[in-house]
1. For segment 35-59, which positions are under 16 Å from residue 2 (Cβ atoms) and in contact (Cβ under 8 Å) with a residue 24 or more places away in the chain?
2. Please list, ordered by residue number, the strands (runs of 3 or more DSSP E) wholly in the chain having 2 or more residues that are in contact with a strand residue (DSSP E or B) (Cβ under 7 Å, 6 or more places away or on another chain) and surrounded by 13 or more Cβ atoms within 10 Å (Cβ to Cβ).
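What follows draws every value from the coordinates through simple rules; no lab data is involved. Keep in mind it's a predicted model, so treat the numbers as computed, not measured. Cβ sites come from the backbone with ideal geometry, for glycine too, and all protein chains shown count toward neighbours.
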Amino acid sequence: AWLTVFDTRGREIRTLVRDVLDAGSHETEWDGKGDSGVKAPSGLYLVRLAAPSGTLTRKIVLIE
């Protein structure tokens, strides 16, 4: 499974999960930083979960 945060222009901000996971529920948190460690600005972001069974994308809002 891959869980990735994108900005509204489609640029990858941070990959939160890139691993083989057992079936079932899982949780993770985003600290608001990009892969480079720099804090992302407040605003709208997209989170995409990609797995062999399909892809799911949701909107989130980062408020700092």
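1. Scanning segment 35-59 gives 45, 46, 47, 48, 49, 50, 51.
2. 2-7, 12-18, 43-51
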